[in-house]
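Some notes on the structure that comes next.
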Amino acid sequence: MNARRRHGTKNNEEGVYTGPSQTQSQVLQPLDAPLAIPAPFAAPVDSSSSMSCRDRTSEFQSVCKSLLSRQNGAQTTKPVNSAVRQRSDFTLAAKRIGRDLANTFAKLEKLTILAKRKSLFDDKAVEIDELTYIVKQDINSLNKQIAQLQELVRSRNGQNSRHLQTHSNTVVVSLQSKLASISSDFKSVLEVRTENLRLQRTRQEHFSQSPASASSFQDRSFSNSVLLQDNSNKSDISIDMDLRSSQQMQVLNETESFIQDRANTMQNIESTIVELGSIFQQLAHMVKEQEETVHRIDANVQDTELNVELAHSEIVKYFQSVTNNRWLLIKIFLILIVFFFIFVVFLA
Amino acid sequence: MAASIREKQTAALKRMLNFNAPPLKNTAAEPLWKVLIYDRVGQDIISPLLSVKELRDMGITLHLLLHSERDHIPDVPAIYFVMPTDENIDRICQDLRKQLYESYYLNFISAISRSKLEDIASAALAANAVTQVTKVFDQYLNFITLEDDMFVLGNQNQEQISYHAINKPDIKDTEMEAIMDTIVDSLFCFFVTLGAVPIIRCSRGNAAEMVAVKLDKKLRENLRDARNSLFTGDTMGAGQFSFQRPLFVLADRNLDLATPLHHTWTYQALIHDVLDLHLNRVTLEETPASDSNPAGARPKKKNKKTYDLTAADRFWQKHKGSPFPEVAESVQQELDAYRTQEDEVKRLKSIMGLEGEDEGAISMLSDNTAKLTSAVSSLPELLEKKRLIDLHTNVATAVLDHIKNRKLDVYFEYEEKLMSKSSLDKSLLEIFSDANAGSTEDKMRLFLIYYITAQQPPSEGDLEQYKKALIDIGCDLSPLNYIKQWKAFTKMAAAPANYGNSGVKPMGLLSRVMNTGSQFVMEGVKNLVLKQHSLPVTRILDNLMEMKSNPETDDYRYFDPKMLRGSESSIPRNKNPFQEAIVFVVGGGNYIEYQNLVDYAKAKPGKRVLYGCSELFNAPQFMKQLSQLGQK
């Protein structure tokens with residue numbers, strides 16, 4: 001095209017852009033390329049990064065502008081397609097879930113940092129419990145949202161094109177797997193926390209109470225807390241215990257409540273782990289449904305090729321058997337002749 | 001070159017998939033979903049490097065071929081990874097017109113020319129989609145990396161740049177130019193990805209020299225242009241701790257024709273030779289063991305099983321280059337190790353079952369729970385190991401079958417002796433007449449090697465005898481014509497290549513069998529132990545890297561793209577030995593040479609060698625090309 005040649009680009013055929021851009025070349029032709037005259041549409045240089053690729057976007061946009069200006073003289077501009085991209089509700093929902101996942105992950109990270117602290121006195125039990133509760137709620141709600149999304153995808157199965165369906169399924173699977181990884185991280189954080197609690201308790205008892213009384217306190221506190229838990233069944237025994245050790249009860253009360261607290265926390269953690277286990281199972285079930293395989297991207301092409309070839313050979317064989325089957329032809333002819341005779345003889 | 005070429009290319013691909021921003025390590029970022037569209041060249045580049053799972057992790061939900069029927073996916077960005085050919089550009093313009101996706105990130109595998117860019121721009125304008133074309137990039141990734149230190153040029157256009165195409169007698173200048181341009185383009189992309197400007201050395205008077213001249217010119221042009229250079233200080237500095245430049249040796253296939261025909265004994269090379277190994281994927285045909293139908297219409301269906309040999313497979317990485325008997329032993333050992341681990345898990349299960357009934361076992365229970373959780377979490381690993389062991393068992397068994405059927409060990413031994421010019425215990429005619437030993441192709445290969453490595457050509461009478469014997473067996477003699485021409489040509493040029501000394505010692509078979517008792521009973525297969533020897537390419541590399549003076553390599557041309565003026569001299573300016581080298585064989589290469597170079601690099605600590613070739617063929621494919629050339 002003349003337009004290109006007129007400006008006399010300094011490209012060689014491989015497209016390596018070795019000179020200043022078209023719009024400036026008329027003036028700059030006599031000057032040599034390496035001079036530092038900054039051209040407004042100079043080919044971009046990625047000097048700040050160590051990327052081994054070259055960005056041609058601004059070149060592309062400059063070409064578009066120049067083509068547009070050329071066209072503007074010739075014809076009226078068409079109305080530009082509005083940039084309002086109507087996102088389907090699937091995409092919106094998926095984006096929302098993705099954002100929630102990211103937030104939950106951030107919270108989990110904070111929780112991890114808190115739970116890993118091993119100091120004896122600065123234990124932020126309240127915060128940790130709160131965070132745990134929040135994260136648990138988040139995971140539950142995310143689970144529900146993802147289940148809803150999957151329902152939505154399944155219901156749209158008929159209307160969607162094949163690729164859109166695959167895309168939607170893959171999005172759901174990736175969200176599920178992210179949720180699964182968050183849940184497993186959460187579980188490990190809880191386990192770390194349990195471990196730390198246990199260590200703290202042993203250390204505290206070791207440091208804050210004398211050994212002799214500690215053991216007796218331990219026994220009684222143990223038995224007391226165990227009994228208090230089953231007080232519905234063993235009410236008479238607890239009453240007996242109360243009668244017998246009423247004086248010590250007040251002294252024990254404080255340590256008791258403290259230990260009670262700990263026991264509660266441990267219980268909470270255990271129940272959370274059990275819930276997580278059920279979520280895991282659900283997720284595993286969902287993921288298995290999708291059947292992710294570790295194929296390479298050219299696997300399916302070869303498979304289909306193979307199948308088509310096999311099918312083709314089968315059809316060819318059948319065709320050959322049919323056409324070579326002389327008996328079949330003879331039988332058909334006989335039947336035709338018989339019918340012909342019947343009609344001719346009986347209707348003539 | 002602290003990172004291998006495979007890592008560099010993978011990093012470049014991942015960066016591209018992340019919309020050309022450096023990939024974030026933070027998993028707390030919001031996931032972005034995209035669609036990947038590639039053409040066949042892009043498919044070949046991506047498939048050895050990234051599995052589908054890794055693509056999914058990066059947010060790619062769909063990966064599609066450019067020239068397939070694609071549906072409308074309205075709110076997802078699409079990343080294109082294609083070559084800038086005319087058909088691809090047309091298809092992209094079509095996509096723009098149909099408005100299939102929300103936004104388009106166009107990445108071209110090698111640099112796109114200005115005119116094609118204008119074509120896309122006009123199509124985008126016509127479709128009012130200019131804002132949708134978000135980015136256009138030249139990725140400079142036009143080569144396929146198969147191993148950490150091995151790369152091949154394109155796979156789709158193998159016909160165009162094959163040995164046959166380069167060496168055919170009736171080649172036109174324009175064709176040669178086109179071939180050279182393709183090769184130089186890919187090599188340029190390779191160096192851009194590597195981020196280093198090499199010092200080029202090549203021999204005189206062949207295709208390699210032409211490639212070297214063009215490559216030097218291209219690199220020089222790019223470096224001159226200070227604004228646009230792809231080799232800015234950043235790319236050079238990042239990740240490179242050596243200030244030395246690598247050495248790039250351009251060799252031509254005509255230097256050594258015996259190696260591609262050679263029968264081999266190392267695992268990877270054997271798989272490539274005997275089975276169908278393509279882009280790190282092995283295809284085995286398994287015929288089911290059922291007896292055929294007496295009614296006879298349907299033949300037995302052959303199942304094809306494919307296996308991927310990946311970088312994550314530790315056994316493969318360790319044993320790629322080992323001689324075959326060692327591989328067989330190691331598979332057996334791995335299998336035994338796996339069985340003990342499996343038994344351990346089973347034992348744990350039974351213990352758990354018993355312990356559950358004990359009451360006073362609360363503390364033991366927690367301990368066992370921990371053991372059980374560790375066993376459960378190690379189950380996926382165990383399963384993966386089992387899969388790999390199965391894979392290697394199948395592959396090794398298939399290779400062993402071939403070896404036994406064709407008596408490849410005999411050929412290997414004989415050829416080693418031929419190549420090292422030691423004494424032969426059997427004559428060629430005996431082997432030719434032995435009907436069990438190998439196919440006609442094997443015998444032809446052996447004869448060609450004999451012809452190539454013989455110091456003086458065999459006398460006319462001998463030659464006629466051999467020819468008659470071969471024709472009796474049914475071999476095709478056209479490769480021989482070509483080899484005669486080649487031999488005449490190379491004799492004019494230089495002394496024929498020396499293959500170095502090698503020794504092959506067969507080890508006693510019985511002792512091996514009794515030691516291992518493995519399922520790989522190699523009856524009648526000699527257990528050969530390889531001694532180190534150097535192929536011609538390796539020796540040339542050694543001379544050039546160590547700056548040794550040797551009549552073969554003294555005459556090599558020397559190019560330094562960073563020097564201001566191209567000099568015609570072949571006096572190297574640099575007197576220090578090189579630490580890094582890249583060997584590229586124009587006209588085709590194979591795994592035997594690769595293995596030899598790997599062994600060489602291992603023997604010299606601190607040296608890194610990369611191997612590349614314009615195409616990768618095994619001996620049967622090479623024979624086909626030779627016969628095509630011989631028939632002209």
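Computed from the coordinates by the stated procedures, all read-outs in this text should not be read as laboratory data. Remember, it's a predicted structure, so these values are computed and weren't measured experimentally. Positions of Cβ are generated from backbone atoms using ideal geometry, with glycine treated the same way; all protein chains shown enter the neighbour counts.
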remark   = The simple spin-label model distance between A:HIS206 and B:GLN160, using points 7 Å out along Cα→Cβ, in nm, is 7.4 nm
message = Whole percent per 10 Å bin, from 0 to the bin with the longest distance: what is P(r) over all C-alpha pairs of the range B:36-120?
response = 16, 53, 28, 3
ask   = What FRET efficiency comes out for the pair B:ASP401/B:ASP336, r = Cβ-Cβ distance, R0 = 22 Å, nearest 0.05?
value = 0.45
inquiry  = On a full-extension model of 0.36 nm per residue, what is the gain between B:SER439 and B:ALA311, subtracting their alpha-carbon distance, rounded to one decimal in nm?
reply    = 42.7 nm
ask   = With the Cα gyration tensor of the range B:304-350 giving a ≥ b ≥ c as the square roots of its eigenvalues, does the rule (a/c under 1.5 for rounded; else a/b larger than b/c for prolate; else oblate) give rounded, prolate or oblate?
value = prolate
request  = Mind computing the radius of gyration and Dmax over the alpha-carbon atoms of the range B:77-157? Å is fine for both.
outcome  = 14.1, 46
task = Pop a pseudo-label 7 angstrom from the Cα along the beta-carbon direction at both A:LEU328 and A:LEU152 and give the gap in nm to one decimal.
result = 5.4 nm
task = Report, largest value first, the span of the C-alpha coordinates of the range B:1-154 along each principal axis, in whole Å.
result = 47, 37, 25
Hull volume in cubic angstrom per residue (convex hull over the Cα atoms of the range B:121-199) = 177 Å³
